[in-house]
1. How many angstrom separate the Cα center of the range 91-124 from the Cα center of the range 18-69?
2. Which ³J(HN,Hα) values in Hz, rounded to whole numbers, follow from the phi angles of the range 85-90 under the Karplus curve 6.51 cos²θ - 1.76 cosθ + 1.60, where θ = phi - 60° and Gly and Pro get x?
3. Tell me, what HN-Hα J-couplings in whole Hz come from the Karplus equation 6.51 cos²θ - 1.76 cosθ + 1.60 at θ = phi - 60° for each residue of the range 174-188, using x for Gly and Pro?
4. Among Lys52/Lys89; Lys65/Lys203; Lys65/Lys89; Lys32/Lys174, which pairs are too far apart, with a Cα-Cα distance over 22 Å?
5. Can you give me the long-range amide H partners of Glu102? Hydrogens built in the peptide plane at 1.01 Å from N, cutoff under 5 Å, separation of 5 or more residues or another chain.
6. Looking at the range 39-210 only, what percent of DSSP beta bridges run antiparallel? Nearest 5 please.
7. If you stretched the chain out fully between Ile19 and Arg187, how much longer would it get, using 0.36 nm times the residue separation minus the C-alpha to C-alpha distance?
8. Kirkwood Rh over alpha-carbon pairs of the range 1-114, then Stokes-Einstein at 20 °C and 1.002 mPa s: what D in µm² s⁻¹, rounded to an integer?
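Since every read-out is calculated from the coordinates, none of them should be taken as a lab result. Please read these numbers as outputs of a predicted model, since none were measured by experiment.
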Amino acid sequence: MQETTSKEKILKKIRNALISRQENPFQNIDFKSPVFKELEDMPEVEFVSKLKENGGTFVYCENEKDFVENVKMLALQRNWENLFSIDEKVIGLLESGGINVESSEEKFTEQIAGVTRCDFLIGRFGSVMVSSGLSSGRRMFVFPEVHIVLAQMSQVVSELKDALKGIRKKYSNKLPSQITVITGPSRTADIEKTLVMGMHGPKELFVFVVDDL
């Protein structure tokens with residue numbers, strides 16, 4: 001008797017299922033109900049807590065001047081000669097505080113710390129949403145060893161769905177071709193279950209949140 005292959009067995013089951021169709025046993029499922037339980041605290045507080053759990057660092061800033069001073073202090077502590085950014089607003093802020101900023105394409109691969117803005121901060125997961133629609137483009141979110149994010153308190157939303165709604169509203173009919181959610185520094189444990197930081201992106205993530213004026 002000829003043996004039946006696994007593929008033939010699967011196809012046979014599919015054919016039988018199509019022939020003898022049954023009513024959906026799960027007709028009363030409420031797909032509009034929330035998947036997660038409600039946040040225990042305000043989205044801003046949840047974001048800070050989750051960001052730290054994910055290995056990121058949160059820095060609160062009263063205003064943009066405070067942001068510049070905090071970044072300058074971090075650069076001095078790490079002995080960084082300059083920071084890298086291609087975002088004109090970020091460059092202007094940093095240079096106004098006397099921080100050396102490199103932005104040339106020739107120096108891109110030499111950067112250690114890169115500074116960008118973001119689209120939204122997601123309280124549920126402590127994640128940072130970025131997109132190719134930002135001035136920093138695509139590469140700045142994955143290349144630097146240290147990723148420094150400048151954000152505003154008003155960019156904090158509760159859920160991922162809120163961030164996606166915000167993206168649609170922000171960019172209207174010109175949605176960015178790349179939308180990325182960053183949850184802490186890059187890490188992997190695929191190789192022998194050993195945790196390795198910075199495998200696919202930055203080893204460190206700093207989020208500086210400026211209070212809205």
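1. The distance from the Cα centre of the range 91-124 to that of the range 18-69 comes to 27 Å.
2. With coefficients 6.51, -1.76 and 1.60, one gets 7, 10, 8, 4, 5, 5 Hz.
3. 10, 4, x, 6, 9, 10, 10, 10, 9, 10, x, x, 5, 7, 7
4. Pairs exceeding the cut-off: Lys52/Lys89; Lys65/Lys203; Lys32/Lys174.
5. So Glu102 has HN proximity to Leu83, Phe84, Ser85.
6. Given both bridge residues lie in the range 39-210, the antiparallel proportion sits at roughly 30 percent.
7. Stretched fully, the Ile19-Arg187 segment lengthens by 55.7 nm.
8. Details: Rh = 20.5 Å.
Calculated translational D: 105 µm²/s.
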